[in-house]
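Worksheet: the structure to be examined is printed underneath.
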Amino acid sequence: MKKSDREKELARIAEEIAGCRLCREWGTGEPVPGEGSAKAEVLFLGEAPGRQEAKTGRPFIGRSGKLLRSIIADIGLKEEEVYITSPVKYLPLRGTPSRENVLHSREHLMKQIAVIEPRIIVLLGNTACLALLDRKVEITKNHGTTLQDGGRIFFITCHPAYALRFPAAKISMREDFEKLSALLHIKQKIT
Ligand code: URA
């Protein structure tokens with residue numbers, strides 16, 4: 001698909017999200033569909049928008065977003081060439097999104113992924129793993145690893161909000177991103 005067609009499709013999905021009655025039952029504020037390149041090689045997946053995101057409609061612009069965006073830049077990726085989103089598209093009414101909410105919201109996410117066709121999906125923490133792997137993953141044991149599932153490649157690391165709380169997690173998140181960078185370079189050498 002041409003990049004301009006992908007952009008149109010993503011805009012159409014964003015409209016679906018904005019009009020989704022079920023999403024609105026669990027959430028509040030502006031819809032936060034995601035942002036970045038419609039043909040991104042890497043897609044970063046979080047949990048759910050926070051207050052700042054719900055005010056502006058942009059993903060990852062609060063404290064954890066600043067950390068995520070700075071680590072993305074540190075491994076030489078440009079924000080405009082990746083895609084940043086979350087499985088849940090609205091600020092949840094009560095803290096962590098419910099399983100029911102995640103399983104519903106991922107329907108929108110799946111459509112976005114089918115359009116973007118990223119080579120690697122970076123799962124930032126538990127909710128991202130639940131949304132796309134359908135199971136709980138022990139991030140402390142599995143971070144920094146890739147796995148293939150349903151024809152897609154996933155890379156596991158922690159959520160930046162967790163890294164902000166625990167200094168050791170911040171260090172290991174940076175190390176994970178170095179590994180991610182190496183994976184992306186291997187591909188560039190082959191092609
Ligand atoms: N945390 C997330 O998981 N997603 C956002 O968009 C913002 C914070």
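The values are calculated or read from the model by the stated rules, or taken from the named source; none is laboratory data. Since this is a predicted model, take the numbers as computed values, not measurements. Reconstructed Cβ throughout: ideal geometry from the backbone, glycine too, with neighbour counts over all protein chains shown. Quick note on the areas: whole protein, heavy atoms, side chains included, nothing else; ligands and nucleic acids left out. Shrake-Rupley method; radii C 1.70, N 1.55, O 1.52, S 1.80 Å.
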Candidates Glu80, Glu9, Glu117 - the one that is at pLDDT below 95, away from the ligand (no atom under 14 Å from the Cβ) and surrounded by fewer than 20 Cβ atoms within 10 Å (Cβ to Cβ):
Glu80
Residue list for the stretch 44-76, filter: in contact (Cβ under 8 Å) with a residue 60 or more places away in the chain and either over 15 Å from His159 (Cβ atoms) or in a helix (DSSP H, G or I) (or both)
Arg63, Ser64, Gly65, Leu67, Leu68, Ile71, Ile72, Asp74, Ile75, Gly76
For Thr96, work out the one condition from (1) under 16 Å from the mean Cα position of the chain (by Cα); (2) open to solvent by less than 20 Å² (accessible area, probe 1.4 Å); (3) within 14 Å of the ligand (Cβ to nearest atom) it doesn't fulfil.
(2)
Is it the case that some residue within the stretch 27-48 is on the phi > 0 side of the Ramachandran plot, open to solvent by 10 Å² or more (accessible area, probe 1.4 Å), modelled with pLDDT of 95 or more and near the ligand (Cβ under 10 Å from one of its atoms)?
yes
I want to confirm something. Restricting to the stretch 15-26 and keeping residues that are open to solvent by 30 Å² or more (accessible area, probe 1.4 Å) and out of contact with any strand residue (DSSP E or B) (no Cβ under 8 Å at 6 or more places or on another chain), which single residue is nearest to Arg51 (Cα to Cα)?
Arg24
Residue check: is Ala128 away from the ligand (no atom under 14 Å from the Cβ) and either buried (at least 16 other Cβ atoms within 10 Å of the Cβ) or not basic (Lys, Arg) (or both)?
no
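Suppose the filter is away from the ligand (no atom under 16 Å from the Cβ) and either open to solvent by 10 Å² or more (accessible area, probe 1.4 Å) or closer than 25 Å to Gly150 by Cβ (or both); does Arg69 pass it? Working first, answer last.
Details: away from the ligand (no atom under 16 Å from the Cβ): no; either open to solvent by 10 Å² or more (accessible area, probe 1.4 Å) or closer than 25 Å to Gly150 by Cβ (or both): yes.
Answer is no for this residue.
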Cβ pairs under 7 Å, 6+ apart or interchain, first in the stretch 1-27 and within 12 Å of His108 (Cβ to Cβ), second surrounded by 12 or more Cβ atoms within 10 Å (Cβ to Cβ) and among the polar types (S, T, N, Q), ordered by first then second residue, are Leu10/Gln112; Ile13/Gln112; Cys23/Ser105
In the stretch 104-113, is there at least one residue being at pLDDT 95 or above, part of a loop (DSSP other than H, G, I, E, B) and open to solvent by less than 20 Å² (accessible area, probe 1.4 Å)?
no
Just give me the residues in the stretch 156-184 being within 23 Å of Arg119 (Cα to Cα) and either within 16 Å of the ligand (Cβ to nearest atom) or among the aliphatic types (A, V, I, L, M) (or both), in sequence order.
Ile156, Thr157, Cys158, His159, Pro160, Met173, Leu180, Ala182, Leu183, Leu184
Among residues of the stretch 83-93 being crowded, with 24+ Cβ neighbours inside 10 Å and outside any loop (DSSP other than H, G, I, E, B), the residue farthest from the ligand (Cβ to nearest atom) is Tyr83
State yes or no: is Arg51 within 12 Å of the ligand (Cβ to nearest atom) and open to solvent by 30 Å² or more (accessible area, probe 1.4 Å)?
yes
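Which ones in the stretch 139-169 are of a type in the set (Phe, Trp, Tyr) and either touching a Phe, Trp or Tyr at 6+ places or on another chain (Cβ under 9 Å) or open to solvent by 30 Å² or more (accessible area, probe 1.4 Å) (or both)?
Looking only at the stretch 139-169, we keep the residues that are of a type in the set (Phe, Trp, Tyr), and these are 154-155, 162, 166.
Listed by number, the residues that qualify are Tyr162, Phe166.
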